[in-house]
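Participant: Take a look at this one; I'll ask things after.
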């Protein structure tokens, strides 16, 4: 694999290195497992592989202009139909509690949408 996107972390990140090609890049952007991963820098150096990390929270605080630019692009892609969001379920806003239960049950495989009625 030339690139691996990892939102799990921990042992999953460690094992991902075994799948990563020479000159490959592991992009770490989450910690769903709650575990801490450990890497041997010599393994990275010897194979010219690299690890890159990204945090929305840090970017929002330190470089918010980057997120604004990205948001503008995403909305343009949505308008143009070049990007489609997979939604597995929609709930009216007044059923937000049920939406949370659905997500927490791990039944969702895509986005869960809360819909708002227009006040016209």
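A short reminder: the numbers here are calculations on the coordinates, not readings from a lab. Computed from a predicted structure; not experimentally measured. No Cβ is skipped: glycine too gets one built from the backbone with ideal geometry, and neighbour counts run over all protein chains shown.
Participant: Take the stretch 81-97 and flag every residue that is part of a loop (DSSP other than H, G, I, E, B) and either in contact with a helix residue (DSSP H, G or I) (Cβ under 9 Å, 6 or more places away or on another chain) or within 24 Å of residue 59 (Cβ to Cβ) (or both). Walk me through it before giving the result.
Facilitator: Taking the stretch 81-97 and keeping what is part of a loop (DSSP other than H, G, I, E, B), we get 81-86.
Result: 82, 83, 84, 85.
Participant: Can you say whether residue 100 is surrounded by 12 or more Cβ atoms within 10 Å (Cβ to Cβ) and either part of a helix (DSSP H, G or I) or without any contact (Cβ under 8 Å) to a residue 12 or more places away in the chain (or both), as far as the supplied structure shows?
Facilitator: On the way: surrounded by 12 or more Cβ atoms within 10 Å (Cβ to Cβ): yes; either part of a helix (DSSP H, G or I) or without any contact (Cβ under 8 Å) to a residue 12 or more places away in the chain (or both): yes.
When the stated conditions are applied, residue 100 passes them.
Participant: Quick one: residue 30 ticks every box in (1) touching a strand residue (DSSP E or B) at 6+ places or on another chain (Cβ under 9 Å); (2) closer than 14 Å to residue 3 by Cα bar one, so which box is it?
Facilitator: Residue 30 satisfies every listed condition except (2).
Participant: If you take the residues of the stretch 5-26 that are touching a strand residue (DSSP E or B) at 6+ places or on another chain (Cβ under 6 Å) and closer than 27 Å to residue 104 by Cβ, which of them is surrounded by the fewest Cβ atoms within 10 Å (Cβ to Cβ)?
Facilitator: Here the residue is 5.
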